[in-house]
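Everything on this sheet refers to the single structure shown next.
The values are calculated or read from the model by the stated rules, or taken from the named source; none is laboratory data. In this text the structure is predicted, and so the values were computed from the model without any measurement. Cβ sites come from the backbone with ideal geometry, for glycine too, and all protein chains shown count toward neighbours.
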Amino acid sequence: MADSTTFQPGDVVQLKSGGALMTVYQVYNSGASVKCYYSTAESPAKEANGIAAVALQKVDPAKRKPSGGTAVL
């Protein structure tokens, strides 16, 4: 079954398996891969490059909880 979710820069996403919230920075390979930035209290401003889009899900902004982490600008 194909995943038809498309991502754009600025989307807030998370791995389907869980983990930190990430902000999409760049979409490439015709939407098959994305580059994201994320931060945690332990490691601010990290880059996750080459994540397969099928491994991600968008996070509804209304359902986000404050994480206490550092914002990535």
- request: Check the stretch 15-22 and report whether any residue there is basic (K, R), exposed (fewer than 11 other Cβ atoms within 10 Å of the Cβ) and in a loop (DSSP other than H, G, I, E, B).
  value: no
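Say we look at the stretch 1-14 and pick out the residues that are β-branched (V, I, T) and within 8 Å of the chain's Cα centre (by Cα); which of these is surrounded by the fewest Cβ atoms within 10 Å (Cβ to Cβ)?
Among them, the one singled out is V12.
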query: Across the stretch 46-73, which residue is nearest to the chain's Cα centre (by Cα) among those that are modelled with pLDDT of 65 or more and of a type in the set (S, T, N, Q)?
result: Q57
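Please determine, by comparing only the residues of the stretch 23-45 that are part of a strand (DSSP E or B) and hydrophobic (A, V, I, L, M, F, W, C), which one is nearest to K58 (Cα to Cα).
Step by step, filter the stretch 23-45, then rank; the result is V24.
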